[in-house]
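To keep things clear, I will list the structure first and then write my remarks on it.
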Amino acid sequence: MRFHHYALEVNNIEKSITFYKKYLELKEEKRLFFMGEEIVFLASGDFRLELISGQQKNDKTTHICFEVSNIHELINRFNDIRKIEGPYKLQNDWETVFFEGPDQEIIEFLQVRPV
């Protein structure tokens, strides 16, 4: 398992992209739509920032994500932890699932390569 990204919900995604590109020198890596939201990944080296378009700020969208090699094994291991959403298969063949941490923080797990 390794760190994959940190996610923020933003009110104006294009303004946020411009800001993070200009001031943190992040590059746009990927853009997709999921469940009616536009999602943009910005990256520099191994660091990724996920920007999620939102009509209103929602702290429950902010999350940390870890990349795993087999999401279904992870789901079985977390069987006694509250699952929030998923698993989902994204349009780019990534698979993702969201769990709740001990202080109700959101933890996403992501498999980017098929098993």
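The values are calculated or read from the model by the stated rules, or taken from the named source; none is laboratory data. In this text the structure is predicted, and so the values were computed from the model without any measurement. Neighbour counts run over all protein chains shown; Cβ positions are idealised from the backbone, glycine included. All accessible areas refer to the heavy atoms of the entire protein, side chains included, with ligands and DNA or RNA removed. Shrake-Rupley method; radii C 1.70, N 1.55, O 1.52, S 1.80 Å.
Counted residue by residue at 0.36 nm each, then reduced by the alpha carbon distance between them, the extension gain from N92 to N70 reaches 6.3 nm.
Close amide H contacts of T62 (hydrogens built in the peptide plane, cut-off under 5 Å, sequence separation of 5 or more or a different chain): E9. Straight-line reach from K27: which aspartates and glutamates have a Cα under 14 Å away, not including same-chain ones fewer than 8 places off? Candidates past the 8-residue exclusion: E14, D46, E50.
Below 8 Å between Cα atoms, with a sequence gap of 6+, how large is the relative contact order for region 1-97 in percent? Each step should come with its number before you reach the end.
Working: 148 pairs, mean separation 31.2, N = 97.
Once divided by the residue count of region 1-97, the mean separation gives 32 percent.
Calculate the length of the line joining the C-alpha centroid of region 3-41 to that of region 62-105, in whole Å. Rounded to whole Å, the Cα centres lie 20 Å apart. Note on V115: accessible area is roughly 130 Å² with a 1.4 Å probe, heavy atoms of protein only. Viscosity 1.002 mPa s, temperature 20 °C: Stokes-Einstein D of the chain from its Kirkwood Cα radius, in µm² per second? This corresponds to a translational diffusion coefficient of 145 µm²/s.
Rounded to the nearest whole Å², what accessible area per residue is found for the chain with the 1.4 Å probe? Please list the in-between numbers first.
Working: 7220 Å² over 115 residues.
For the chain, the per-residue accessible area is 63 Å².
With the whole protein complex present, T62 retains an accessible surface near 40 Å², based on a 1.4 Å probe. A dipole drawn for region 19-115 from +1 and -1 charges on Cβ atoms has a positive end, and of S44, I84, F98 the residue lying farthest that way is S44.
In the elastic network of the chain, a GNM with C-alpha springs shorter than 10 Å, the most mobile of F78, F66, F99 is F78. Computed from phi, the 3J(HN,Hα) profile of region 4-19 under the Karplus parametrisation 6.51, -1.76, 1.60 (θ = phi - 60°) reads 10, 6, 10, 10, 10, 8, 10, 7, 10, 5, 5, 5, 5, 4, 4, 4 Hz, with x in place of Gly and Pro.
3J(HN,Hα) along region 74-84: 4, 4, 5, 5, 9, 4, 9, 9, 5, 8, 8 Hz, from the Karplus curve 6.51 cos²θ - 1.76 cosθ + 1.60 with θ = phi - 60°, whole Hz, x for Gly and Pro. Note on the chain: antiparallel DSSP beta bridges, both residues inside, total approximately 75 percent of the bridges counted. The share of accessible area on the chain that comes from carbon and sulfur is 49 percent, using a 1.4 angstrom probe.
Projecting label points 7 angstrom from Cα along Cα→Cβ for S44 and L8 puts them 1.3 nm apart.
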